[in-house]
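Undergrad: The structure that follows is given in the form of structure tokens.
Just so you know, all these numbers are worked out from the coordinates, no wet-lab data involved. All of these numbers come straight from a predicted model, not from anything done at the bench. All Cβ positions, glycine included, derive from the backbone under ideal geometry; neighbour counts span all protein chains shown.
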There are 4 protein chains.
Amino acid sequence: MAGSTYGTLFRITTWGESHGKALGVVIDGCPAGLALEESHIQKYLDRRRPGVGNISTPRKEADAVEILSGVFEGRTTGTPISLMVRNTSQISADYSEIASYYRPGHADYTFDQKYGFRDYRGGGRSSGRETVGRTAAGAVAARILEQLGVTVYAYTRKIGPIEADMTRFDRDAILSTPTAMPDREADRAAVSYLEEARKTGDSVGGCMECIVEGLPAGIGDPVFEKLDANLAKAVMSIGAVKAVEIGDGCLVSSRRGSENNDGFRLNDGIVTKMSNHAGGILGGISDGDRIVIRAHVKPTPSIFLPQKTVTGDGQETEIRIKGRHDPIIVPRAVVVMECMTALTVLDAMLINMSAKMDSLLAFYGKK
Amino acid sequence: MAGSTYGTLFRITTWGESHGKALGVVIDGCPAGLALEESHIQKYLDRRRPGVGNISTPRKEADAVEILSGVFEGRTTGTPISLMVRNTSQISADYSEIASYYRPGHADYTFDQKYGFRDYRGGGRSSGRETVGRTAAGAVAARILEQLGVTVYAYTRKIGPIEADMTRFDRDAILSTPTAMPDREADRAAVSYLEEARKTGDSVGGCMECIVEGLPAGIGDPVFEKLDANLAKAVMSIGAVKAVEIGDGCLVSSRRGSENNDGFRLNDGIVTKMSNHAGGILGGISDGDRIVIRAHVKPTPSIFLPQKTVTGDGQETEIRIKGRHDPIIVPRAVVVMECMTALTVLDAMLINMSAKMDSLLAFYGKK
Amino acid sequence: MAGSTYGTLFRITTWGESHGKALGVVIDGCPAGLALEESHIQKYLDRRRPGVGNISTPRKEADAVEILSGVFEGRTTGTPISLMVRNTSQISADYSEIASYYRPGHADYTFDQKYGFRDYRGGGRSSGRETVGRTAAGAVAARILEQLGVTVYAYTRKIGPIEADMTRFDRDAILSTPTAMPDREADRAAVSYLEEARKTGDSVGGCMECIVEGLPAGIGDPVFEKLDANLAKAVMSIGAVKAVEIGDGCLVSSRRGSENNDGFRLNDGIVTKMSNHAGGILGGISDGDRIVIRAHVKPTPSIFLPQKTVTGDGQETEIRIKGRHDPIIVPRAVVVMECMTALTVLDAMLINMSAKMDSLLAFYGKK
Amino acid sequence: MAGSTYGTLFRITTWGESHGKALGVVIDGCPAGLALEESHIQKYLDRRRPGVGNISTPRKEADAVEILSGVFEGRTTGTPISLMVRNTSQISADYSEIASYYRPGHADYTFDQKYGFRDYRGGGRSSGRETVGRTAAGAVAARILEQLGVTVYAYTRKIGPIEADMTRFDRDAILSTPTAMPDREADRAAVSYLEEARKTGDSVGGCMECIVEGLPAGIGDPVFEKLDANLAKAVMSIGAVKAVEIGDGCLVSSRRGSENNDGFRLNDGIVTKMSNHAGGILGGISDGDRIVIRAHVKPTPSIFLPQKTVTGDGQETEIRIKGRHDPIIVPRAVVVMECMTALTVLDAMLINMSAKMDSLLAFYGKK
């Protein structure tokens, strides 16, 4: 199935494998007239590259993006924007052994079941490198949202047992700490925790959070295309995410209605909620408040401890994975969550333009 | 936007409002030759009707389904199946007051922002009655899955603080208890808890879980159309759901890789996982194990306690909602979760038929 | 496959068979705030009903449309509009014989090949009655276009050898002549021609034309979603249409570039074409001129002369079709062509709203 | 809008402009296990390159295709296949003047109206070079069809007044004559005709035809996704096509039913039509006979004669286009028609796999 396409009016199609020649994305439906250059996209790609310190894989990819189409004299033309990143650092030899068995927690077995065989080099299409395309496209979406007054940012909320203290929220820390936490103290503790895990050959799970600010009320649809439903899909489609929460998320199942409802009041004449348990979405439509999304991410499945598994030709075996692997997925996935959120929100904003007869008539000069 | 359509090959389009003439669904893409009659669908609709005891709204809808097209001599013809349920019990007078203000926790405000006005009778399209169409369609999907050896069932896992004890799991209890819990003891405790909440005019949240058994490995896609991503969207699109978990869900963010990975072994020569933290999905594709999905549902927003809000013409006010409202959403939403899951899984199975050249060649008699 | 849905933002899903309980359509994505009542739609449905004189089938259907959802206090709410027409005049007995063999020119054989069996009553889903849903939806689209200053009208251009003389073009004649020709003289000649054909038990082909006036330049897309490509699909999807032309159509293949190019000039300061060989579309995008589409329609396949065919159980046979059948399809298909064109043009206009950054920024108040 | 994507299960997304860095396509949904290498695709791209003799543009593009993803060890993996062709021969200086005015017959004016500005170099996205992506993808589709026993081929039927004599049909001539005509005599006459036109600075229209052989009965859908409707869209989306005919096409509008109906008979026990006026499609579904599609193509709009037009800043002017331009579009478009047809037919075959319960149950081993 054509499962590498995302979005309705702002639509992206990603392609590429971990150890193929290149990875990329085609953005179709980008409004014409946006000033765009490679550096705007590169900034996002750099955030998903291996980070500082010891917590991420020593594999070094330049991940230099090239704009191949859709931009003329520095502005988008309205036609497809093709973005490509050449793979330069892959070492196929690293992966030759894993061709023979199914790595626990990976998609080796399910790919074989679905397609009959698989590109076993570095996970092929199921590698984390698949997110290069999404991130490049999300950078363009985020740039448009910025001009619309909408800001999207994500960060690491928790690593194993160590949670960021939101009273110390420091947005600069997100981009400058190795963990992408918005709390430098928690970051330091998490780095130690990760180093200890790495020493034992193990890996660690974590939680990330994404905020959308400045989104007007009225965005999203009421039934299957609810804004929260689409955000859930967008975020759950990031490899290793196992749970998605909107607003207070899981907590609501233990609440009373009187605690959970957000009353309305007037704030300078503007309708505002008194609290934001809802996470900025009511009935699938944005309510003008901050959108809050949280994702729980499993530990990196590639660990260096012995594991029991089965070979492709049907033998039980015990394996020890070698190679280069981050002990945690979250810090590098934060920008991917930001990008998937940006893509989802922008698409909903474009779709929303025709929700009312009044808007339609005004657009075509009849009102 | 066309937000009332769901699915790619097995595609449904729902319509109707709480207090309109009727509600319904068109199923397009149902394979030809399925034996189908109204009673198969009615059984599912009956499960989302107000239940026994005091825990659900006294509004009584017969919700009798009529098959209007797509079935000939008792079998589906491959053309659209139109299903309709007439609204018979609506009393518009009940809802006249709420036209003037925005109910906290409801979509009144966001509908007004999006569309400029709203059908205020019983919530219009944002009412729980919108799920009539999904449920009718899901019943057809579930019937096909059954013939494919795939079973889907959902139940109430938790009501407020009271959780079903899964060691006492009793599948019959799901259909026979007022709470749809699979544990009769927890059911009794929950009923008391709900009665106490109802007396205070308050409402309660809860958690529901859905299981898919018998799904072969290889179903789903690896990038944006991951089976878990689509399930997350499907379930989050049910009104009041605020979090979705797959397998161990939120727990994974506190785990080590060595705890969370599911090793593979052979079971009578068949590749099997030793545990199922993954909830039956690896890399977006089913692994042959049970699929496990959990949804956290907020308390019914309609409570009978005083609440602060704003009127449509911009005045702060305090309201007290009247009328008929369940103190909890979960027991009636369980069948809806089951149906959204069935629709998602069936669509993925149809799409999967063309994944391999071998299948394609065999289908057309060339291999 | 889900082949009964048409459109992206203004999306319709039709359902129903010739001899089922009812036929209908769900319109999803209709902008909120349009004044709409059943009479607006009925006017279009009445045009596809059997006409005056002897040229159309004596079957009399009231085809009374019912709005089941999506309209509140006389205005569309932005949620799905469900429209239904009950079948009241079907006589299943008329069709019992045709269950046994494949009628030449009909879809009996191909339905059996695709689905394994068919609803043989009156052609089931492949009957001309399938167009009830399209027509009802098209009436709503046409109503919106009217408010946008866009007029769509179709008429019979030719019946067998008798062609309307466009120098005598009389728009009133379209709605008042039995042939839907815009030339009363040609209409009279065509009626005689049809009566003569009917007497011999034969049927006749014809050609219809549709004009779109008032469409601004810039509507449509440059590659696969060209406005002319979508119009071609829309019109070719009407049963019995075998060719579609845009502008001068087939004639262009015999032309020189110097004859066929439409030069540009200024008309009161507005860029205008000096001629309209292009039929109002350049590079898939409207150029501000009249859109001209022509469709060639085969003769009614149900004729009363003896025909050779094969039975479902594999015997050669000679048949004589009985029952009630128009000797020509075109006059009743004219309104269907108008409706498919309206649906296509409106969808393109909604999609066009997000083509430019400037429009997007202006819509959200940032410019 | 996302108008550069085509297909449902076998879905392609094209990108690139005449004078950008590269052009390409992403194929998503290609079944896994197809043996594929660049040479298979190159063969098709070579056919749309400037041909022999004097009839096509002297611009020489190598158009060497590169497979960037989706193929591993010589076989497709089921993940997106990214194909790219670098632009190597563009000379931007050739096109500097045309930036200032609107070329008659081109999309310059409509692009400006839609997007606010345009990439004026060689027509940008509206250039004939846009078909590089479609052709590369179509080559893959054709390769799959071949394995399914389905053959697709197109040829030039007519150039100006000179028509191929089908009694002299010679399939080899299609690939070896400069006009792609299947009749060497007509080819010679057409070449002379084109040379004469070129000398006067003018251009010529023509007609092309495409045949699908070996397609089983039962492919396509009965309402909006009729096989002929989708073919009409596919072919009309090729730049410069102004009319599409299926089977006898325009002729049917002058016929009687008794002439136009194709009777059925048995041929070695197989149901067969006695004639093929229908062009292999009944009710939108293939009937097992040859599919016949015809397209009428306008003369190349770039001519070297003086033409009247308007400048971008609103002045009337007379222009003379310079540069390199074919005097006819058809011979190079033949392979594009073949490719669009192959893409459409293959997608319909994939979709058809789930039309029947029996097929579904058999696929999943339940029958």
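Undergrad: Can you give the FRET efficiency to the nearest 0.05 for D:LYS21 and C:LYS366, using r as the Cβ-Cβ distance and R₀ = 25 Å?
TA: The pair D:LYS21/C:LYS366 has a calculated efficiency of 0.20.
Undergrad: Can you compute the modelled spin-label distance between B:MET274 and A:GLU213, with each label point 7 Å from Cα toward Cβ, in nm?
TA: My value for the distance between the label points is 4.7 nm.
Undergrad: Let me ask you something else. What are the ³J(HN,Hα) couplings of the range A:244-255, residue after residue, when phi is run through the Karplus curve with 6.51, -1.76, 1.60 and θ = phi - 60°? Round to Hz, x for glycine and proline.
TA: 10, 10, 10, x, 6, x, 4, 4, 4, 6, 9, 9
Undergrad: Taking only C-alpha pairs under 8 Å that are 6+ residues apart, what is the relative contact order of the range B:92-138 in percent?
TA: Result for the range B:92-138 is 35 percent.
Undergrad: Label points 7 Å out from Cα along the Cβ direction at B:ALA99 and A:GLN315: separation in nm?
TA: Going from the B:ALA99 label point to the A:GLN315 one covers 7.8 nm.
Undergrad: So what's the convex hull volume per residue for the Cα atoms of the protein assembly as shown, in Å³?
TA: Considering the Cα atoms of the protein assembly as shown, their hull volume per residue is 161 Å³.
Undergrad: Just checking the output field for B:260-270: average partner chain Cβ neighbours within 10 Å of each residue's Cβ?
TA: 6
Undergrad: Which of rounded, prolate, oblate describes the range D:238-323, given a ≥ b ≥ c as roots of the alpha-carbon gyration tensor eigenvalues and a/c under 1.5 marking rounded, otherwise prolate only if a/b is larger than b/c?
TA: It comes out prolate by the Cα gyration axes.
Undergrad: While we're looking at this one, here's another question. Show that you can apply the helix-only estimate: for chain D, add -39,500 (n - 2.57) for every DSSP H stretch of four or more residues, divide by all residues, and state [θ] at 222 nm to the nearest 500.
TA: -8500 deg cm²/dmol
Undergrad: Now a separate question. Cβ under 9 Å from A:ILE67's Cβ, A:ILE67 left aside: what net charge do those residues give with Lys, Arg +1 and Asp, Glu -1?
TA: -2
Undergrad: Starting from the Cα of B:ARG265, step 7 Å along the direction of its Cβ; do the same at A:LYS199; then give the gap between the two resulting points in nm.
TA: Placing both labels 7 Å along Cα→Cβ, they lie 3.3 nm apart.
Undergrad: In the structure displayed, which of D:LYS21/D:LYS242; A:LYS226/C:LYS367; C:LYS158/D:LYS226; A:LYS298/C:LYS356 lie more than 32 Å apart, Cα to Cα?
TA: Beyond 32 Å: A:LYS298/C:LYS356.
Undergrad: Given Cα pairs under 8 Å that are at least 6 residues apart, what percent is the relative contact order of chain B?
TA: 21
Undergrad: Using r as the Cβ-Cβ distance of A:GLU73 and A:GLU146, and R0 as 25 Å, what FRET efficiency do you calculate, to the nearest 0.05?
TA: Efficiency for this residue pair is about 0.75.
Undergrad: Right, next: Take each uninterrupted DSSP H stretch in chain C, measure its Cα extent along the helix axis, and return the ones at 27 Å or beyond whose mean Kyte-Doolittle hydropathy is at least -0.5.
TA: Sorted by number, the helices that extend far enough and score high enough are C:330-352.
Undergrad: Quick check on packing: order B:39-45, D:258-264, B:108-114 by the mean number of other C-beta atoms within 10 Å, highest mean leading.
TA: Highest to lowest by the protection proxy: B:108-114, D:258-264, B:39-45.
Undergrad: Taking beta carbons within 10 Å but only from partner chains, what does the mean come to for residues D:271-283?
TA: Going residue by residue through D:271-283 and averaging, the value is 5.
Undergrad: Between copies, how close do the C:GLU37 label points come, placed 7 Å along Cα→Cβ, listed in nm from shortest?
TA: Its label point is 4.3, 6.1, 7.3 nm from the equivalent points in the other copies.
Undergrad: Report the net charge of residues surrounding A:GLU185, where surrounding means a beta-carbon distance below 13 angstrom and charges are Lys +1, Arg +1, Asp -1, Glu -1.
TA: Local charge sum for A:GLU185: -2.
Undergrad: OK, next. Counting Lys +1, Arg +1, Asp -1, Glu -1, what net charge surrounds C:ILE219 among other residues with beta carbon under 14 Å of its beta carbon?
TA: -4
Undergrad: Let me ask something else. If you take the beta carbon distance between A:THR88 and C:ALA64 as r and set R0 to 51 Å, what does 1/(1 + (r/R0)^6) give as a FRET efficiency, to the nearest 0.05?
TA: 0.15
Undergrad: Per residue of A:284-292, how many C-beta atoms from partner chains lie within 10 Å of its own C-beta, taken as a mean?
TA: Per-residue shielding by partner chains comes out at 3.
Undergrad: Run the label-point distances for B:ASP358 please: 7 Å along Cα to Cβ, every other copy, nanometres, shortest first.
TA: B:ASP358 label point versus its equivalents elsewhere: 2.5, 5.7, 6.0 nm.
Undergrad: Name the chain B residue nearest the rotation axis between B and C, going by Cβ position, and give the distance in whole Å.
TA: Rotation axis B onto C, closest Cβ, rounded to whole Å: B:THR13, 2.
Undergrad: What gaps in nm, shortest first, separate C:SER96 from its twins in the other copies when you place the label 7 Å past Cα toward the beta carbon?
TA: For C:SER96, the inter-copy label distances come out at 5.6, 7.7, 8.4 nm.
Undergrad: Going Cα to Cα from A:LYS43, which lysines come in below 21 Å? Please leave out same-chain ones fewer than 8 positions away.
TA: A:LYS60
Undergrad: Only Cα pairs within less than 10 Å get springs; with that Gaussian network setup on chain C, which residue of C:VAL223, C:VAL26, C:VAL204 has the largest fluctuation?
TA: C:VAL223
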